[in-house]
């Protein structure tokens, strides 16, 4: 059953895309599917049980705003591959993260509860071994579990490797191409196992913004679209941007101590497109390997990004 979802607009609201084969929908009033498919909500105890899906692929994307994706109404072509997936999926328009930071958001996702209930209080909190994560439950159910991660906050010392048979955290410097390269090798190596769970995490949409120049030019808006000129950000002030968040190849855009908000938006859009191209490679390979019809694919973001909200840029809040 195709499925998809999130609410566009706020940097606190994230994207959640699901292509579901033999699965029920999310619980709670906050996640309402779009469309007329009755196959999710109308099941009851008299229905036959679902057969376990053979392959599960969770694609998580760091710092992705739902309102910068075509499937949520964005007018620029930032996400053609994810939009195509959305076209055969169920889209959820309300998907709220428990945190505007990576650690607490993923702590909630892995534990299935509010992070405060499992010791989550800051970006330095560790997912402790006593927590029975959904990955460990899949492992006990017979799934071989493998992860390819690009995010320092998710390294094994933070507890996120528990339940995984194979856990690869790609070290910097890198781009999401390295994630897809390794993800494709992992899919190819494990395609014939009876049950597999894959977790692939992408980071291009996180600062620093270093997308190729041709992608940045694709999303350049006319001068004056956003007339704000952003000063260097200081923790004691608002309304600016940390210049370290701008890729070194674009520092020439900082003139007289300020950078155009229009250009910063183009940088972010270019990173969304860069990520989408790499996710598209993985989706294409799943099809080529003949796994598509036996695979549940879930796409989500850990949180969004501030692009002017609260007079803040690139601070997640």
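The values are calculated or read from the model by the stated rules, or taken from the named source; none is laboratory data. The shown structure was predicted, so the numbers you read here are calculated from the model rather than taken from an experiment. Cβ: placed from backbone, ideal geometry, glycine included. Neighbour counts: every protein chain shown.
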Exercise. Are any residues in region 141-152 buried (at least 18 other Cβ atoms within 10 Å of the Cβ) and within 22 Å of residue 178 (Cβ to Cβ), and if so, which ones?
Worked result: 145, 146, 147, 148, 149, 150, 151
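Let's see how each residue does on (1) free of Cβ contacts under 8 Å to residues at least 24 places away in the same chain; (2) buried (at least 23 other Cβ atoms within 10 Å of the Cβ); (3) in contact with a helix residue (DSSP H, G or I) (Cβ under 9 Å, 6 or more places away or on another chain):
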residue	(1), (2), (3)
52	no, no, no
83	yes, no, yes
95	no, no, yes
102	no, yes, yes
106	no, yes, yes
121	yes, no, yes
124	yes, no, yes
Exercise. Condition test on residue 180, is it surrounded by fewer than 13 Cβ atoms within 10 Å (Cβ to Cβ) and touching a residue at least 24 places away in the same chain (Cβ under 8 Å)?
Worked result: no
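Would you confirm, using the coordinates I've provided, whether residue 265 is modelled with pLDDT of 90 or more, surrounded by fewer than 21 Cβ atoms within 10 Å (Cβ to Cβ) and closer than 29 Å to residue 82 by Cβ?
So residue 265 passes the test.
Taking the condition in contact with a helix residue (DSSP H, G or I) (Cβ under 6 Å, 6 or more places away or on another chain) and not in a helix (DSSP H, G or I), does residue 230 pass?
On the way: in contact with a helix residue (DSSP H, G or I) (Cβ under 6 Å, 6 or more places away or on another chain): yes; not in a helix (DSSP H, G or I): yes.
When the stated conditions are applied, residue 230 passes them.
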For this session: Considering only region 157-177, state which residues are out of contact with any strand residue (DSSP E or B) (no Cβ under 6 Å at 6 or more places or on another chain) and either free of Cβ contacts under 8 Å to residues at least 24 places away in the same chain or closer than 19 Å to residue 208 by Cα (or both).
Result: 170, 171, 172, 173, 174, 175, 177
Exercise. When residue 138 is evaluated against the numbered criteria (1) more than 25 Å from residue 211 (Cβ to Cβ); (2) surrounded by 16 or more Cβ atoms within 10 Å (Cβ to Cβ); (3) touching a helix residue (DSSP H, G or I) at 6+ places or on another chain (Cβ under 9 Å), which criterion, by number, is the only one it fails?
Worked result: (3)
For this session: Output the residues belonging to region 205-220 that are touching a helix residue (DSSP H, G or I) at 6+ places or on another chain (Cβ under 6 Å) and part of a loop (DSSP other than H, G, I, E, B).
Result: 205, 207, 208, 211, 219, 220
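Being part of a helix (DSSP H, G or I) and either surrounded by fewer than 19 Cβ atoms within 10 Å (Cβ to Cβ) or more than 20 Å from the chain's Cα centre (by Cα) (or both) is the filter here; which residues of region 286-314 pass it?
287, 288, 292, 293, 294, 309, 310, 311
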Seminar exercise, completed: Across (1) touching a strand residue (DSSP E or B) at 6+ places or on another chain (Cβ under 7 Å); (2) surrounded by 13 or more Cβ atoms within 10 Å (Cβ to Cβ); (3) modelled with pLDDT under 85, residue 257 clears everything bar (2)
For this session: Could you figure out which of (1) free of Cβ contacts under 8 Å to residues at least 60 places away in the same chain; (2) assigned to a loop (DSSP other than H, G, I, E, B); (3) buried (at least 20 other Cβ atoms within 10 Å of the Cβ) isn't true of residue 75?
Result: (3)
For this session: Could you tell me which residue of region 192-208 is nearest to residue 137 (Cα to Cα), considering only residues that are over 22 Å from the mean Cα position of the chain (by Cα) and modelled with pLDDT of 95 or more?
Result: 195
